[in-house]
Amino acid sequence: MTLAGLSAAYLRARPLAAALNVVLLALGVATVTVLLLASRQIESRMLRDAEGIDLVVGAKGSPMQLVLSAVFHVDVPAGNIPLEEAKKLAAHRAVKKAIPLALGDSFRGFRIVGTTHDYAAHYGARLAAGRLWEAPMQAVLGAEVARATGVAPGARILGAHGIGAQDTEHLHDESPYVVVGVLEPTGTVLDRLVLTAVESVWEVHGTGGEPEDYQEITALLVRYATPLAAATLPREVNANPALQAASPAYESARLFRMIGAGVEVLRAFGVVLILAAGLSVFIALTQALEERRYDLAIMRMLGAGRGRLFALLVLEGFLLAAGGVVLGLALGHAATEALGMLLQARQQGRLTGLLWLPEELWIVAGALAVGLAAALAPALRAMRTEVAHALAEG
Amino acid sequence: MLSLRGVRKRYGEREALALERFEAAAGEHWLVLGPSGCGKTTLLHLLAGLLSPSEGEIEVAGERLDRMNGARLDRWRGRTVGLVPQKLHLVPSLTVEQNLLLAPYLAGLAPEPARARALLADLGLAAKARARPAELSHGEQQRAAVARAVMNRPKLLLADEPTSNLDDAACEAALALLQSQANACGATLVVASHDRRAAARFDRQLRLGE
Ligand SMILES: Nc1ncnc2c1ncn2[C@@H]1O[C@H](COP(=O)(O)OP(=O)(O)O)[C@@H](O)[C@H]1O
Ligand SMILES: [Mg+2]
């Protein structure tokens, strides 16, 4: 017999009410948890993908689309840029490093990216098997591509035209790639790409024989030589009628702000659920108080001080809240994991529910505080039970 | 063991009890007899320290109750007084055994599961230890309430209308049980009743409302 045992006995005596309170709170906690886990993971993945890329240069169009297509590989590019312009820009004194990207084809839904070894090096990729490409029509698979397709070095693969929805009808079956290597997982967009030489993309699209003056690439990832370049280079690039510059940092921040508004709405919904659970706990305890007038009087008669009765009710609120928090966290993590599995094919590295963030402690503290606050008024009333009166009226 | 002097209890203008003098020695069995509304329950609650008198002195087991209050009084009551209320008030969400164990727990005494089992066996409730109060007959509920009242070996055992709604045999049994349990822990027994059948079992009687 303990105070917690007593509280638990009272909760067990009204299992439906207790379950309702716990479930309501758990749904609120789960909603807030899922949002926290998902937005944190997406944000940190985007930050990692964009890290070290100061500027993206591509065809004229929306800067957001340029960043989405060339940095995160989730959108299609607006067009191509002349190789000559790209080369000129790469040689600019404000540019420390420039990585070319040539897009256009995909392999079973994974993008084939014509680029240089710098691109793999930029994300710190290491080979899990084989080697990097040394000639056109050699391909290196990102870790996730190799895992999902089961393709190993030595295999021949065909690119499909288009990088939007997978389009198997337009296979480039006259020009297969030879897989020469597989990368280790990097936790970046690289894991879901097939890398090859820029020349491969030209060859597949039948422009391989033409002189370089006529060649095109899709985008250039630029690293500034000095911080000052940020002030001048974008303007300079945008002045060129063929080019468009976009800052990944700026565009991602803009994207977060746009997503952020939606996340805020959902989070508010979760908070409302938690508060509703608090109200429901308050109502349940207040009602229970009416039923338990005599029990509380008996407890006082048996020697329990007013503080004990207060503690009993507060503990009940706490147990309900703790149950809701535990269930809610479990639910939130399970839902995030399930979401990750469901969206696996469409994601840059999938969401995981196995991640635990320190911020979750705030959710725990908040939900427990709501439970305690809900129990406060009933607990104060319990404390003031008129013992003799209750025992006399019976 | 207990003594009241010039005790008055008023609710607003209305006087619920006026008692010039009442004294009982340790181990005595007293019957407080009187018609409904004469202040019997009020007297028991004053003796238990559940009410404080409007006037007068109340001393029980060496403590001046009219001068004690708050947590100290609660603690004293839990350890010194056992009360069987008229409506029994067993805690419905606990088992019979847990109802008994509640007494030492709330009084801040060491748990005594062995005493609880022995008492239940003594009162023929061994088979009902794990039952809820609602599953018990009225007679069984009353015995469980007596068992709970004597769990902490009180110095003062109080019972409010223990014979109401009982037939003659049950009435006898209920009073006999209270007396034997009071003797077993050496407690002073004070039974409040308006039932004249109870009078036969008590040599010492306090008549109220005459
Ligand atoms: N809390 C209270 N408020 C007002 N009057 C009360 C209260 N409790 C008892 N009384 C009154 O005090 C008188 C004595 O009550 P009580 O001690 O319960 O009598 P008994 O137990 O002998 O029937 C009654 O008239 C009753 O109406
Ligand atoms: Mg009465």
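The values are calculated or read from the model by the stated rules, or taken from the named source; none is laboratory data. Predicted, not measured: the structure shown is a model, and the values here were computed from it. Positions of Cβ are backbone-derived with ideal geometry, glycine not excepted, and every protein chain shown enters the neighbour counts. We work out accessible area using only protein heavy atoms, side chains counted, and drop any ligands, DNA or RNA first. Shrake-Rupley method; radii C 1.70, N 1.55, O 1.52, S 1.80 Å.
Among the residues of segment B:68-95, those identified as more than 8 Å from chain A (Cβ to nearest Cβ) and over 18 Å from the mean Cα position of the chain (by Cα) are B:MET68, B:ASN69, B:ARG72, B:THR95. Filtered by the rule that a residue be surrounded by 13 or more Cβ atoms within 10 Å (Cβ to Cβ) and within 12 Å of ligand 1 (Cβ to nearest atom), segment B:16-37 gives B:ALA16, B:LEU17, B:ALA18, B:LEU19, B:VAL32, B:LEU33, B:GLY34. Among the residues of segment B:2-9, not a single one is within 16 Å of ligand 2 (Cβ to nearest atom), free of Cβ contacts under 8 Å to residues at least 40 places away in the same chain, within 11 Å of chain A (Cβ to nearest Cβ) and buried (at least 18 other Cβ atoms within 10 Å of the Cβ).
When we screen B:LYS40, B:LYS87 for residues that are surrounded by fewer than 19 Cβ atoms within 10 Å (Cβ to Cβ) and either modelled with pLDDT of 95 or more or within 16 Å of ligand 1 (Cβ to nearest atom) (or both), the only hit is B:LYS87.
Scan segment B:31-49 for residues that are assigned to a loop (DSSP other than H, G, I, E, B) and more than 13 Å from ligand 2 (Cβ to nearest atom) and jot them down. Passing the criteria: B:ALA48, B:GLY49. Going through (1) in a helix (DSSP H, G or I); (2) modelled with pLDDT of 90 or more one by one, A:LEU195 falls short only on (1). Checking B:ALA145 against (1) more than 16 Å from ligand 1 (Cβ to nearest atom); (2) open to solvent by 10 Å² or more (accessible area, probe 1.4 Å): exactly one of these is not met. Which one? Condition not satisfied by B:ALA145: (2). When the criteria are applied in full, A:ALA9 meets the requirement of being open to solvent by less than 10 Å² (accessible area, probe 1.4 Å), within 14 Å of chain B (Cβ to nearest Cβ) and part of a helix (DSSP H, G or I).
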